[in-house]
Every structure is written in C-alpha cells, then in structure tokens.
1. For the range 282-324, which positions are within 16 Å of the ligand (Cβ to nearest atom) and surrounded by fewer than 16 Cβ atoms within 10 Å (Cβ to Cβ)?
2. If we keep just the residues of the range 125-176 that are in contact with a helix residue (DSSP H, G or I) (Cβ under 7 Å, 6 or more places away or on another chain) and among the basic types (Lys, Arg), which is farthest from the ligand (Cβ to nearest atom)?
3. Can Met103 be described as within 16 Å of the ligand (Cβ to nearest atom) and either assigned by TED's automatic domain parsing to the domain that holds Gly268 or not in a loop (DSSP other than H, G, I, E, B) (or both)?
4. For the range 1-27, which residues satisfy the criterion of being at pLDDT 95 or above, outside any helix (DSSP H, G or I) and touching a helix residue (DSSP H, G or I) at 6+ places or on another chain (Cβ under 6 Å)?
5. It is to be established whether one or more residues within the range 107-126 are of a type in the set (S, T, N, Q), more than 23 Å from Leu18 (Cα to Cα), modelled with pLDDT of 95 or more and surrounded by fewer than 24 Cβ atoms within 10 Å (Cβ to Cβ).
6. Give the residue that is farthest from the chain's Cα centre (by Cα), with candidates limited to residues of the range 135-173 that are hydrophobic (A, V, I, L, M, F, W, C) and surrounded by fewer than 24 Cβ atoms within 10 Å (Cβ to Cβ).
7. Against the definition (without any contact (Cβ under 8 Å) to a residue 24 or more places away in the chain, within 16 Å of the ligand (Cβ to nearest atom) and in the same structural domain as Thr305 (by TED's automatic domain parsing)), how does Ala189 come out, yes or no?
8. Just to be sure, is Thr258 within 29 Å of Ala209 (Cα to Cα) and polar (S, T, N, Q)?
Amino acid sequence: MGRRHVARALAPERIVRLDEDAVVILDQRRLPEEVVELRLASVGELAEAIHALAIRGAPAIGVAAAYGLALAAEREEDLEAAFDVLASTRPTAVNLRWALEEMRGDPTRDHALAIHRAEVERCRRMASHAAGLLGAGSRVYTHCNTGGLATGGYGTALGAIRTAWERGLVEQVWVGETRPLLQGARLTAWELEQLGIPFAIVADGAAAALMAEGEVDCVLTGADRIAANGDTANKIGTYGLALAARHHGLPFYVVAPTSTLDPSALSGADIPIEERAPAEVSRRFPARNPAFDVTPAELIEAIVTEEGFHRPPYAVSLPTTVHA
Ligand code: MRU
C-alpha cells in the first residue's frame, strides 16, 4: 500500500445551500476559470439554472430542487406547480424526482437540509465500499463529473477515487474530457486539482487506446438512473467506455446512491434519455445531442451503493426500496 494522503474539498454548502431568500449554488458553467455563486430567488430561476447546467449531477440537482420546494413552501406558493416546473428540467436523473417526492410530505428547509446531509453521508459510505475494489497503484479511468459538485458534497465515483487515494491506493486518474460540455475536463479536473490527486485529461476517443496500451486498471463512473435489471443511464459516452473495458478484460464499476435506483424502470428501455440543444455540439452544422446513454447490465462488474456491493444478477441483488 502506498503513502496515505489527506484530501481537501469544497464544503457542501459552497456547492448548494438555502439562504434566507434564495437557493445559492456554485455556478458550474463558469468553472474552472471563475468560482462564483449564483443566487436563485425563485423556483423559475432555479429551474432555469438546473436546465442550463449551472448546477448538475444527479444527486446535486435533487438537493437543489428540494431547497427550491422548501423556498416555495415558505412563500406559500403553489407546490404542485413548483414540483412540476422543477421535475421537468431534466428527465433522466431520477434523483431529481426522488428528492421532490421526498419533500411532498414535509416541504420544510429542515427536511431539505436533511436530504442534502443524507446524500453526502451516502456518498461517504459508498466511497468507502467502492475504494475496496481498488488495488495498490491503481490507474483509474473516469467519465463526466461525479465529485462533490455533482452530489452536493463528496461524490460517487470520484468520492470512491478520493477515498482510495487517501488510503494510498491511487497512482493515476484518467479523466475523460466528456464532450460536448466538458464536465470531465472542466469540473473533474478542477476537483482533482483541489484534492491534490494526480490526474491527466484525455480526449474521450483516447480511452480504448489507453486500455489497449495497458495504462488503465479499471473504470469507475456514476449513474443518473439505474433500472431494476441493472441497466444504467449515465453521461453520453459511458456505454462506449464499458464496451471498451469489456473488450480489454477490465472491470467497469458503477458507484451510485440508492436515490439513483428506479425499481419502476424494468430495464434501460424504460429510462427517458434527455436530448439537449444541438448547438451544444455544433453551432454551425446539423447535430444530435443525446445527453445520456444506457450501459447494459451485462457490461457492469458491480454496482456499489451505500449499502455495499451489488453483483449480477442485479434484478436479485439491487435493493427494491429506496431510503430517504
Ligand atoms: O449532464 P450532467 O452533467 O448532469 O450529467 C452528470 C452525470 O452523468 C454524472 O455521471 C451522474 O449524475 C452521476 S454522478 C453523481
């Protein structure tokens, strides 16, 4: 085992919080150049910010929406309307709807804060489990951004990498840049730099070649929605990574909280895939912009939640009840 390290990260309330009169987020569109907060004084402004990816990542948008609903409740606004506006911002990440449903019975700021704290705690627990998958000197490939920014604190796959690094197990992190909006090259790189973890950004198209060169030991990603059979929706490009990992005999792991499970989706075919504006891909030429893809369960070595490891067959091993 290598030398143990201590990582320093952003406090959860810097990523998203509820002030007296506004939901306040770190504007992720401006990272890494500028670290600036955005005050969202209404549900409409918050919905716009979620849609525009000023805050993004499945658990983080759930937490932000919970704070938004609490704000609407304090102002005695129409909560069903607020629910619908927030839920419709991003269709694939099930955590968004999950957090809003959680808030239905008790739409208070204390409850929203409890949801936020619980998500961070889930991250720490799943990171501790998932770090156990890595051996000494691991070279880990990851995609998109799954750190504190994506979860409201600590992170899923990136949280696991952080815990493994603190245990002295990580030699190198390969960060796929994650076209078209560069969550890897902008956000994961920024977080890894803050944490002091060694990394290098690679073009998404370089992943298979790196694996062929023997420079990758495993792939860790997060998830936006996991169906009952283990099929997993995550940022576009994840499916290709899983195929490349399988071809090279490398384990592909998904790290996600139980709030990302959707037992009502029987398979990936039941998961709605967000299509975003073509202009995010090309401003000049025709383009398609599916934001997520579905990795079939058979390509996934294990799914790690805060409850531990889930191995195939996932229809048997995944929890069917999702905890608050
Ligand atoms: O479009 P984004 O940036 O919200 O997509 C985020 C991802 O795909 C993450 O991998 C996912 O939310 C899991 S990480 C907590």
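1. Of everything in the range 282-324, those that are within 16 Å of the ligand (Cβ to nearest atom) and surrounded by fewer than 16 Cβ atoms within 10 Å (Cβ to Cβ) turn out to be Arg288, Pro290.
2. Checking each candidate, the answer is Arg167.
3. Values: within 16 Å of the ligand (Cβ to nearest atom): no; either assigned by TED's automatic domain parsing to the domain that holds Gly268 or not in a loop (DSSP other than H, G, I, E, B) (or both): yes.
Spelling it out, it is not the case that Met103 is within 16 Å of the ligand (Cβ to nearest atom) and either assigned by TED's automatic domain parsing to the domain that holds Gly268 or not in a loop (DSSP other than H, G, I, E, B) (or both).
4. Those that are at pLDDT 95 or above, outside any helix (DSSP H, G or I) and touching a helix residue (DSSP H, G or I) at 6+ places or on another chain (Cβ under 6 Å): Val16, Leu18, Val23, Leu26.
5. The answer is no, given that none of the residues of the range 107-126 is of a type in the set (S, T, N, Q), more than 23 Å from Leu18 (Cα to Cα), modelled with pLDDT of 95 or more and surrounded by fewer than 24 Cβ atoms within 10 Å (Cβ to Cβ).
6. That would be Ala136.
7. no
8. Answer is no for this residue.
The values are calculated or read from the model by the stated rules, or taken from the named source; none is laboratory data. Quick caveat: nothing in here was measured; it's all calculated off a predicted structure. All Cβ positions, even for glycine, are placed from backbone atoms using ideal geometry, and neighbour counts span all protein chains on display.
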